[in-house]
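Accompanying notes for the structure given below.
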Amino acid sequence: MKGKYQFRYIETEEVLTDFLKVHGMTKISKNYKIVVFTGGLFILLFMLVYSNVLHGTAGSIVFFAIKYLVCWALAFVIAEVLARTFGKKMEMLASTGDGQTMYEERMKKWKEPFNVKLEFGKDSWTSFVHGNKQTLYYKNVERIIESEKIIAMIVYVETGGKKFFGFPKDGIQDADIEEFKQFLIQKCTGVKKGIEKVNIE
């Protein structure tokens, strides 16, 4: 039985690169925040061990703590700005190179790009790629991300942790993409933020 919604597309180099760009954008902000968090802890421990901050008065210690927390919070803000500007630019360049490399490797191995079919049913969706079949469940979707051309999901898979799954919007067959997005939101009850939008252009 066919699913309620179907997608068909050829995984060209452009499509593969768009997937990688969206995937990169889903983690870049988190990566910068991790750097600030670990760096902040390291600096704090260093100061506590090698400075005299703990030997001061109670008032001076409280003042140090407040000042440090304010600076740490500011560092997180700066990290977010960098992630959305410099970090995004670097991620887009890296994804373009990785997409080209991956596509060339696949072409060497398979001699043709992947022909992909997706069927979205009542409780799950199934992908058919180069003779392989995989079924994933809406209840395991944690995030839905949308770019100008791509819809992607972060899905928990019992055999391999979290999986990135994406597909081009223009692959939809005989249906409206906005209607499909509402269908996804209704089915993916574990998604708390709705559809997150990213710009990869």
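The values are calculated or read from the model by the stated rules, or taken from the named source; none is laboratory data. Remember, predicted model here, so these are calculated numbers, not experimental data. With ideal geometry, Cβ positions are generated from the backbone for all residues, glycine too; neighbour counts draw on all protein chains shown. Ligands, DNA and RNA are excluded from the accessible area calculation, which covers all protein heavy atoms including side chains. Shrake-Rupley method; radii C 1.70, N 1.55, O 1.52, S 1.80 Å.
Restricted to the range 1-12, and to residues that are in contact with a Gly (Cβ under 7 Å, 6 or more places away or on another chain) and modelled with pLDDT under 95, which residue is farthest from residue 180 (Cα to Cα)?
3
Taking residue 62, is it surrounded by 12 or more Cβ atoms within 10 Å (Cβ to Cβ) and over 26 Å from residue 148 (Cα atoms)?
It is false that residue 62 is surrounded by 12 or more Cβ atoms within 10 Å (Cβ to Cβ) and over 26 Å from residue 148 (Cα atoms).
Do you know which residues across the range 28-59 are within 13 Å of residue 80 (Cβ to Cβ) and open to solvent by less than 40 Å² (accessible area, probe 1.4 Å)?
Correct list: 28, 29, 36.
Pull up the range 79-103, narrow it to residues that are free of Cβ contacts under 8 Å to residues at least 12 places away in the same chain and open to solvent by 40 Å² or more (accessible area, probe 1.4 Å), then point me to the one that is farthest from the chain's Cα centre (by Cα).
Here the residue is 101.
Here is a yes/no grid of residues against (1) among the charged types (D, E, K, R); (2) outside any strand (DSSP E or B); (3) closer than 26 Å to residue 108 by Cα; (4) without any contact (Cβ under 8 Å) to a residue 12 or more places away in the chain:
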residue: 9; (1), (2), (3), (4): no, no, yes, no
residue: 16; (1), (2), (3), (4): no, yes, yes, no
residue: 27; (1), (2), (3), (4): yes, yes, no, yes
residue: 33; (1), (2), (3), (4): yes, yes, no, no
residue: 44; (1), (2), (3), (4): no, yes, no, no
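Output the number of the condition that residue 67 fails; it satisfies all remaining conditions of (1) under 20 Å from the mean Cα position of the chain (by Cα); (2) surrounded by fewer than 12 Cβ atoms within 10 Å (Cβ to Cβ); (3) not acidic (Asp, Glu).
(1)
For residues that are open to solvent by 60 Å² or more (accessible area, probe 1.4 Å) and touching an Asp or Glu at 6+ places or on another chain (Cβ under 8 Å), scanning just the range 129-175, find the one that is farthest from residue 10 (Cα to Cα).
Among those that are open to solvent by 60 Å² or more (accessible area, probe 1.4 Å) and touching an Asp or Glu at 6+ places or on another chain (Cβ under 8 Å), it is 139.
Could you list, in sequence order, all residues of the range 6-27 that are open to solvent by 50 Å² or more (accessible area, probe 1.4 Å) and among the acidic types (Asp, Glu)?
Correct list: 13, 14.
What are the residues in the range 176-201 that are open to solvent by less than 100 Å² (accessible area, probe 1.4 Å), without any contact (Cβ under 8 Å) to a residue 40 or more places away in the chain and basic (Lys, Arg), if any?
181
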